[in-house]
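Please treat every number below as a calculation from the coordinates, not as lab data. Source: prediction; values computed, not measured. Because the Cβ atoms are built from the backbone with ideal geometry, glycine has one as well, and the counts that use them run over all protein chains shown.
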Amino acid sequence: MRPFTRFFILSFTLLLPILIYLFLRFFGNNKYELPLIDLNKNDCIEIFQNDSISNNYYSGYIKVIDYRLLNNGTIINNLLKRLYQKNNVSIITLSETKQNVPWLIYNFSDDIILEFIKCEYSNVKLNSFLVLYDQKNQIRGYYISDDPKEYERLDVEIDVLKSNYEK
């Protein structure tokens, strides 16, 4: 092989990955988009004695609302506590049982919580679940509260929301 062809092949194999990287770095768009879930929401806040849960009280914050019926497991509290400490998000739990956790808890009977769920989230068929709201109070996802993999998905989606709003 001639020295010129060797030089050309060597420079091509070294420069090609660098050029691809630079192209993707400056011209690529690596934006994750979480779906916006529009439920034609009703205003069911009056069930909770005018305590605004999903409306404007927590506007500007990423929040996770934990609806817990017939389920007061410490596993869920531990998973939410890790999420709370790592991501610095607002967490609100609606439960019948009193719990010792560092976030806001509304204690209501399961009947009242179930009535609120049927009014506010009529298409959700779960008894215990989490709802992710973005800074504009738009629903970005539902998560099964008993499944640890759902917490991993929730954690990733919170990071995506934070990165989208930082830009």
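Here are the numbers for the structure shown:
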item: Cross-link table K81/K149; K98/K136; K86/K149, entries beyond 24 Å C-alpha to C-alpha; result: K98/K136
item: Ranked packing of 5-12, 82-89, 140-147, most packed first, by mean Cβ within 10 Å; result: 140-147, 82-89, 5-12
